[in-house]
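The values are calculated or read from the model by the stated rules, or taken from the named source; none is laboratory data. As the structure is a computational prediction, the values presented were derived from the model and not from experiment. Reconstructed Cβ throughout: ideal geometry from the backbone, glycine too, with neighbour counts over all protein chains shown. Only protein heavy atoms, including side chains, enter the accessible area calculation; ligands, DNA and RNA are left aside. Shrake-Rupley method; radii C 1.70, N 1.55, O 1.52, S 1.80 Å.
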Amino acid sequence: MPFPTDPAQYPLLSGITYPADLRKLDEPQLEQVCKELRDFIIDVVSVKGGHFGASLGVVELTVALHYVFNTPYDQLVWDVGHQAYGHKILTGRREVFHTNRLYKGLSGFPKRSESEYDTFGVGHSSTSVGGALGMAVASKLKGEKDRQVVAVIGDGAMTAGMAFEALNHGGTANSDLLVVLNDNCMSIDPNVGALKEYLTDITTAEQPVRESQVPLLRTGGRP
Ligand SMILES: Cc1ncc(C[n+]2csc(CCOP(=O)(O)OP(=O)(O)O)c2C)c(N)n1
């Protein structure tokens, strides 16, 4: 049963059924959209249960990706999918979000049969880069030069071999793939290991790599 969103409580979010509605807003309004989206997730999940932190942590990223990219033509692949609540709310499922994870309700993870915005059925971790790479290579073979494919992967999921295999392949596949690494130092518990230490080092150094090496990163490592 759809549950209408109160425009008094959510003045902008109540007007967004699909990302096309979001893209009609002006950039300065997006901060307010993020605030409303965060409040909406808290309102529903605090009563109905579900994954809390991961979805709250990507509110800004979710809004930015749907604003910048032409979803669903451009394809977004969420790793694990436990962080996709904001994505679900912005892609036609806001009024049924209260059924999340309930019998006959929404799946707690992206599910292809549920929405054309859910490009990849997930639940297990570390599959997003390989899945998105497959989509990017397929687009290239079909000559779709304008279609973008984006994988969003956490620093926890990034430690798995499958993700590394996909990066290794993607680095030479010469297809249009963007991988967003959501490094929040958390997996189920605080993340551990050499990759985590490396990511912490490069993001907390006096001159973070993000700023000092941007031209290098943009050219995929080839100066
Ligand atoms: C193959 C597999 N192993 C374990 C899990 C359990 N699991 C769910 S979320 C998660 C951690 C994800 O952490 P991260 O990738 O950093 O994403 P974040 O929660 O920070 O967004 C794990 C290990 C899983 N879904 N799949």
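Remarks
- Restricted to region 78-99, and to residues there that are touching a Pro at 6+ places or on another chain (Cβ under 8 Å) and β-branched (Val, Ile, Thr), the residue that is surrounded by the fewest Cβ atoms within 10 Å (Cβ to Cβ) is Val96.
- Residue pairs whose Cβ atoms lie under 7 Å apart, separated by 6 or more positions or on different chains, with the first residue in region 43-56 and without any contact (Cβ under 8 Å) to a residue 12 or more places away in the chain and the second within 16 Å of the ligand (Cβ to nearest atom), are Phe52/Val45.
- Residue match in region 53-66 (condition: within 15 Å of the ligand (Cβ to nearest atom), farther than 17 Å from Thr17 by Cβ and among the acidic types (Asp, Glu)): yes
- Exactly one residue out of Glu95, Glu114 is away from the ligand (no atom under 16 Å from the Cβ), at pLDDT 95 or above, closer than 23 Å to Asp43 by Cα and in a helix (DSSP H, G or I), and it is Glu95.
- Any hit, region 58-73, residues being in a helix (DSSP H, G or I), touching a Gly at 6+ places or on another chain (Cβ under 6 Å), aliphatic (A, V, I, L, M) and surrounded by fewer than 24 Cβ atoms within 10 Å (Cβ to Cβ): yes
- Residue within region 126-139 that is part of a loop (DSSP other than H, G, I, E, B), at pLDDT below 95 and either over 21 Å from Ala64 (Cα atoms) or open to solvent by 50 Å² or more (accessible area, probe 1.4 Å) (or both) present: no
- Test for Ser55: is it open to solvent by 20 Å² or more (accessible area, probe 1.4 Å) and over 14 Å from Val150 (Cα atoms): no
- Pairs are defined by a Cβ separation below 9 Å, a sequence spacing of at least 6 or placement on different chains, a first member in region 170-193 that is free of Cβ contacts under 8 Å to residues at least 24 places away in the same chain, and a second member that is open to solvent by less than 80 Å² (accessible area, probe 1.4 Å) and of a type in the set (D, E, K, R); the pairs so defined are Pro190/Lys196.
- Put simply, of Val33, Val45 the only residue that is within 16 Å of the ligand (Cβ to nearest atom) and either assigned to a helix (DSSP H, G or I) or open to solvent by less than 30 Å² (accessible area, probe 1.4 Å) (or both) is Val45.
- Among residues of region 100-122, those that are open to solvent by 20 Å² or more (accessible area, probe 1.4 Å), among the small types (Gly, Ala, Ser) and closer than 24 Å to Val149 by Cβ, counted: 3
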